[in-house]
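Notes follow the structure.
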Amino acid sequence: MRIPAIPAIWRARATRAFGPWVQSVDEAVLRADAQAGLLGALIVLPQGIAFAALAGLPPAWGLYTSIVPCIVAALAGSSRLMVSGPTNATSLGLAAMLAPLAATTNPNYLLLAVGVTLGVGLMQAALGLLRMGVLTNFISPSVMLGFMTGAAALIALHAVEDIVGDWPERLVAIVTVGVALYARRWFSSGQHMLLALVAGGAVAALLNWQGWDTMQVGAVPRALPEFDAPPMSWDEIKRVAGISFALAIISLGQTVAIGKALAARHGEHFDPNRECLGQGLSNIAGSFFSCMVSTGSLNRTAMSEQAGARSPLAAVFSGLMVVGLLVLAAPVLKFIPMAAIAGLLLLVAWGLLDFGEWKRVLRMDQTEAAIAAGTLIATLTMSLEIAVLGGVVASLITYLYRSARPAMRSLGFDKSFTEDAHRPFVVIDANQPQPPPECPQLKLLRMEGSVYFGAVGHVAEHLHMLRTEDHPARRLMVMSKSMSSIDLAGADMWETELKRRREMGGDLYFHRPRPQVLALWEKSGFVDNIGRDHIFDSKRIAIATIVPQLDDAICAACTSRIFDECWHRPGAVPFRPVAPLAPGDPDADADDDNIGGALVGAWGPTLPKQNPSD
């Protein structure tokens, strides 16, 4: 059946409200999402009932949580493919945290559970509105790799529990997996899984008819959720505030981890602030319909993705189809074999494994590989949110260690003066068999990275080494274009370096510091202390200014002669006349790393231009 065309103005309004995915909705998308939604609805029936039991709540509450929060989170969130609902982590957490407050048989237990759901929603929405979801950007790709691999293993382990009982359970699972793999060649994603579920159900029915029992979903509640505002008093809100905050963080950690992993797999944008708001609104809405805490569901999301879902409408269809199944098909649904669902989950787990990415990480960065492996182990041995948090902490420690050791590279030229007057700067490696020659009086150092309080020790130690080595160059010019920023500790360190250089009879110079660095130096008085004539906008002008100030006696004995100006210093053999730079000559202001020296006759240094693009 062909759907009617949606007026452009309605589509534009829907895009502003729900996101750019609205523009991609057509008949094919609706068909794929409906198929994925149906499969997701069938899968969530036993899961929703089981998760409600884990939380000590009526079975219907787990199903209600698969309807209202699922639909709201899909439309208000950021992820295209995430499916929200009850999960084992939030169910167990809710039960453990409410146990000291009330017994599950106490009527107040249900009231407190609804209050926690409302509190979680309010806190998550507040985090989204305050744009604090950006904190989740610290979940690195390596953490995501380990998390998804561990999650795949957990899905497989939980699925295996439903098929290890006896041979009829294993037979149903094998048939389901086999049909799914075989049918995938001819049917689109989603259809092959539905066909496999039907095949597994048929085998289970045949076995049951022959007297071999297989575990089934069982009775499904037929009641639908009813609107009822949570009757919470201020005292009850205070009682559950701590629990609500803890579950809000736990559920957001799991949700954002899944959302970022999906976005990375499909090359899509993920807005953590919008997702926080969407999850918050879903739990707020759920608290009015007797729902427990909802979060991104790994099982349902992975199943929906591999069933061919293409937009958030898959989750919407899933929620609506749960309603339809409860009303129309509850007597039939109880016969769905758990082993068939387990077989589909095994396929889902396999699809989450990314062996190619593991090979790439192992080949490129052993530290990142260790973080991924650690997150994988933590996911298997701890709760999902603790695993993600541990991976984030490991990533931050690695980042801080690396940022605290910014690169400082000595520079030279890879050609002699007689070969080419325009010679590129090259990094001098102390391990080179024949490193390029350096000026014995002027050290050229390229500073890369941020010089903040955590990096000051490493930078200061390297500068001390340069000053105390055998026959050190007393003058230092820092190529500071790549020095991205400094703080007060960094500014103080450069003050100290200036003092030490001048105490040893040398000096300190900078080439093209960034505007933000220069602004802090202006405020601290460093620019006045070092002198504006020690900060240059051009390498040519810098070298042309500094070389004439070098010690004549050392120049007379020097054989390096790496700058153009060196051929006009004492001890130089006449080589060829060099034309002076005229004011306005474009070579005077050139700042290309393919410039090896400065010509005689430069008219003096200039401060860098305050250009944000530098």
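Within segment 511-544, take every residue that is free of Cβ contacts under 8 Å to residues at least 24 places away in the same chain and more than 16 Å from Tyr452 (Cβ to Cβ) and give me the one that is surrounded by the most Cβ atoms within 10 Å (Cβ to Cβ). Can you show your working first?
Initially, segment 511-544 is screened for residues free of Cβ contacts under 8 Å to residues at least 24 places away in the same chain, giving 519, 522-523, 525, 527-528, 531.
Keeping just the survivors that are more than 16 Å from Tyr452 (Cβ to Cβ) gives 522-523, 525, 527-528, 531.
Working: Glu522: 11, Lys523: 11, Gly525: 11, Val527: 19, Asp528: 10, Gly531: 13.
Here the answer is Val527.
Got a sec? Which of Gly133, Gly115, Gly146 is within 26 Å of Thr375 (Cβ to Cβ) and touching a Lys or Arg at 6+ places or on another chain (Cβ under 9 Å)? Lay out the reasoning, then the answer.
Numbers: Gly115 fails: within 26 Å of Thr375 (Cβ to Cβ); Gly146 fails: touching a Lys or Arg at 6+ places or on another chain (Cβ under 9 Å).
So the residue among Gly133, Gly115, Gly146 that is within 26 Å of Thr375 (Cβ to Cβ) and touching a Lys or Arg at 6+ places or on another chain (Cβ under 9 Å) is Gly133.
Scan segment 245-255 and tell me whether some residue there is modelled with pLDDT under 75 and on the phi < 0 side of the Ramachandran plot. Can you show your working first?
To start, the set of residues in segment 245-255 that are modelled with pLDDT under 75 comprises 246, 250.
From what's left, on the phi < 0 side of the Ramachandran plot: 246, 250.
Yes, segment 245-255 has at least one match.
Which of (1) within 19 Å of Met447 (Cβ to Cβ); (2) in contact with a helix residue (DSSP H, G or I) (Cβ under 6 Å, 6 or more places away or on another chain) is the odd one out, the single condition Trp494 does not satisfy?
The one condition Trp494 does not meet is (2).
I need every pair where a residue in segment 174-187 that is at positive phi has its Cβ under 9 Å from the Cβ of a residue that is not aliphatic (A, V, I, L, M), sequence separation at least 6 or different chains.
none
Is it true that Ala489 is in a helix (DSSP H, G or I), surrounded by fewer than 17 Cβ atoms within 10 Å (Cβ to Cβ) and assigned by TED's automatic domain parsing to the domain that holds Ile546? Can you show your working first?
On the way: in a helix (DSSP H, G or I): yes; surrounded by fewer than 17 Cβ atoms within 10 Å (Cβ to Cβ): yes; assigned by TED's automatic domain parsing to the domain that holds Ile546: yes.
For Ala489, the condition - in a helix (DSSP H, G or I), surrounded by fewer than 17 Cβ atoms within 10 Å (Cβ to Cβ) and assigned by TED's automatic domain parsing to the domain that holds Ile546 - is met.
Examine segment 511-529 for a residue that is small (Gly, Ala, Ser) and either touching a Ser or Thr at 6+ places or on another chain (Cβ under 9 Å) or part of a strand (DSSP E or B) (or both), and state whether such a residue exists.
Step one: of segment 511-529, the residues small (Gly, Ala, Ser) are 519, 524-525.
Pick out the ones that are also either touching a Ser or Thr at 6+ places or on another chain (Cβ under 9 Å) or part of a strand (DSSP E or B) (or both) and you get none.
The answer is no; no qualifying residue exists.
So, in segment 6-37, how many residues would count as being aromatic (Phe, Trp, Tyr) and surrounded by 13 or more Cβ atoms within 10 Å (Cβ to Cβ)? Spell out how you get there, then give the answer.
Our first condition is that a residue be aromatic (Phe, Trp, Tyr); within segment 6-37, this holds for 10, 18, 21.
If we keep only those that are surrounded by 13 or more Cβ atoms within 10 Å (Cβ to Cβ) too, we end up with 18, 21.
Of the residues in segment 6-37, 2 are aromatic (Phe, Trp, Tyr) and surrounded by 13 or more Cβ atoms within 10 Å (Cβ to Cβ).
Do any helices (runs of 4 or more DSSP H) lying entirely in segment 112-224 carry at least 2 residues that are at pLDDT below 80 and among the hydrophobic types (A, V, I, L, M, F, W, C), and which ones are they? Give the steps one after another, and end with the answer.
Working: elements: 141-161, 167-183, 191-209.
Answer list for segment 112-224: 141-161, 191-209.
Just wondering, is there one or more residues in segment 287-305 that are among the charged types (D, E, K, R) and buried (at least 20 other Cβ atoms within 10 Å of the Cβ)?
In the first step, residues of segment 287-305 are kept if they are among the charged types (D, E, K, R); the result is 300, 305.
Checking which are buried (at least 20 other Cβ atoms within 10 Å of the Cβ) leaves us with 300, 305.
Looking through segment 287-305, at least one residue is among the charged types (D, E, K, R) and buried (at least 20 other Cβ atoms within 10 Å of the Cβ).
Hey, does segment 437-453 have a residue that's surrounded by fewer than 14 Cβ atoms within 10 Å (Cβ to Cβ) and modelled with pLDDT under 90?
Going residue by residue through segment 437-453, those that are surrounded by fewer than 14 Cβ atoms within 10 Å (Cβ to Cβ) are none.
Among the residues of segment 437-453, not one is surrounded by fewer than 14 Cβ atoms within 10 Å (Cβ to Cβ) and modelled with pLDDT under 90, which makes the answer no.
Can you go through Val68, Val83 and tell me which one is in the same structural domain as Leu345 (by TED's automatic domain parsing) and under 17 Å from Asn299 (Cα atoms)? So that I can check it myself, show each step before the final result.
Values: Val68 fails: under 17 Å from Asn299 (Cα atoms).
The match here is Val83.
Does segment 349-368 contain at least one residue that is of a type in the set (A, V, I, L, M), surrounded by 14 or more Cβ atoms within 10 Å (Cβ to Cβ) and touching a strand residue (DSSP E or B) at 6+ places or on another chain (Cβ under 8 Å)?
No, the conditions are met nowhere in segment 349-368.
Looking at segment 456-494 only, could you name the residues that are under 15 Å from Leu520 (Cβ atoms) and under 30 Å from the mean Cα position of the chain (by Cα)?
Val456, Ser480, Met483, Ser484, Ser485, Ile486, Asp487, Leu488, Ala489, Gly490, listed by residue number.
For a quick check of your reading of the model, give me the residue pairs whose first member lies in segment 462-487 and is free of Cβ contacts under 8 Å to residues at least 40 places away in the same chain, whose second is hydroxyl-bearing (Ser, Thr, Tyr) and surrounded by 21 or more Cβ atoms within 10 Å (Cβ to Cβ), with beta-carbon atoms closer than 8 Å and at least 6 apart or on different chains.
Close Cβ pairs (under 8 Å, with a partner that is hydroxyl-bearing (Ser, Thr, Tyr) and surrounded by 21 or more Cβ atoms within 10 Å (Cβ to Cβ)) amount to Leu476/Tyr509; Val478/Tyr509.
Within segment 229-241, is there a residue that is in a loop (DSSP other than H, G, I, E, B) and in contact with a Gly (Cβ under 7 Å, 6 or more places away or on another chain)? Spell out how you get there, then give the answer.
Step one: of segment 229-241, the residues in a loop (DSSP other than H, G, I, E, B) are 229-233.
Okay, now just the ones that are also in contact with a Gly (Cβ under 7 Å, 6 or more places away or on another chain), so 230, 232.
Looking through segment 229-241, at least one residue is in a loop (DSSP other than H, G, I, E, B) and in contact with a Gly (Cβ under 7 Å, 6 or more places away or on another chain).
Quick check on my filter: what residues within segment 91-109 are among the hydrophobic types (A, V, I, L, M, F, W, C), assigned to a helix (DSSP H, G or I) and crowded, with 17+ Cβ neighbours inside 10 Å? Explain how you work it out, then say what you get.
Taking segment 91-109 as the starting set, the residues that turn out to be among the hydrophobic types (A, V, I, L, M, F, W, C) are 92, 94-99, 101-103.
So of that shortlist, the ones also assigned to a helix (DSSP H, G or I) come out as 92, 94-98.
Within segment 91-109, Leu94, Ala95, Met97, Leu98 qualify.
From Leu194, Leu207, Leu224, grab the single residue that is under 16 Å from Phe335 (Cβ atoms), under 39 Å from the mean Cα position of the chain (by Cα) and of a type outside the set (S, T, N, Q).
After ruling out the rest, the residue left standing is Leu194.
Among the residues of segment 306-343, write down those that are modelled with pLDDT under 80 and buried (at least 19 other Cβ atoms within 10 Å of the Cβ).
Leu333, Ile336, Ile341
Give me the helices (runs of 4 or more DSSP H) completely within segment 351-403, filtered to those with at least 2 residues that are β-branched (Val, Ile, Thr) and touching a helix residue (DSSP H, G or I) at 6+ places or on another chain (Cβ under 9 Å), ordered by residue number. First the steps, then the outcome.
Working: elements: 355-364, 366-381, 384-403.
Of the helices (runs of 4 or more DSSP H) lying wholly inside segment 351-403, those with at least 2 residues that are β-branched (Val, Ile, Thr) and touching a helix residue (DSSP H, G or I) at 6+ places or on another chain (Cβ under 9 Å) span 366-381, 384-403.
What number of residues in segment 318-364 are free of Cβ contacts under 8 Å to residues at least 24 places away in the same chain and more than 20 Å from Gly37 (Cβ to Cβ)?
8
Scan segment 42-76 for residues that are over 21 Å from Thr105 (Cβ atoms) and not in a helix (DSSP H, G or I) and jot them down.
Ser66, Ile67
Just to be sure before I move on: is Arg500 basic (Lys, Arg), in a helix (DSSP H, G or I) and crowded, with 20+ Cβ neighbours inside 10 Å in the structure I sent?
Working: basic (Lys, Arg): yes; in a helix (DSSP H, G or I): yes; crowded, with 20+ Cβ neighbours inside 10 Å: no.
Answer is no for this residue.
Scan segment 13-25 and report the pairs whose first residue is closer than 15 Å to Ser79 by Cβ and whose second residue is of a type in the set (S, T, N, Q) and in a helix (DSSP H, G or I), with Cβ atoms within less than 7 Å and a gap of 6+ or a chain change.
Note: pairs meeting the criteria are Val22/Thr15.
The values are calculated or read from the model by the stated rules, or taken from the named source; none is laboratory data. Values in this document were obtained by computation on a predicted structure and should not be read as measured data. Because the Cβ atoms are built from the backbone with ideal geometry, glycine has one as well, and the counts that use them run over all protein chains shown.
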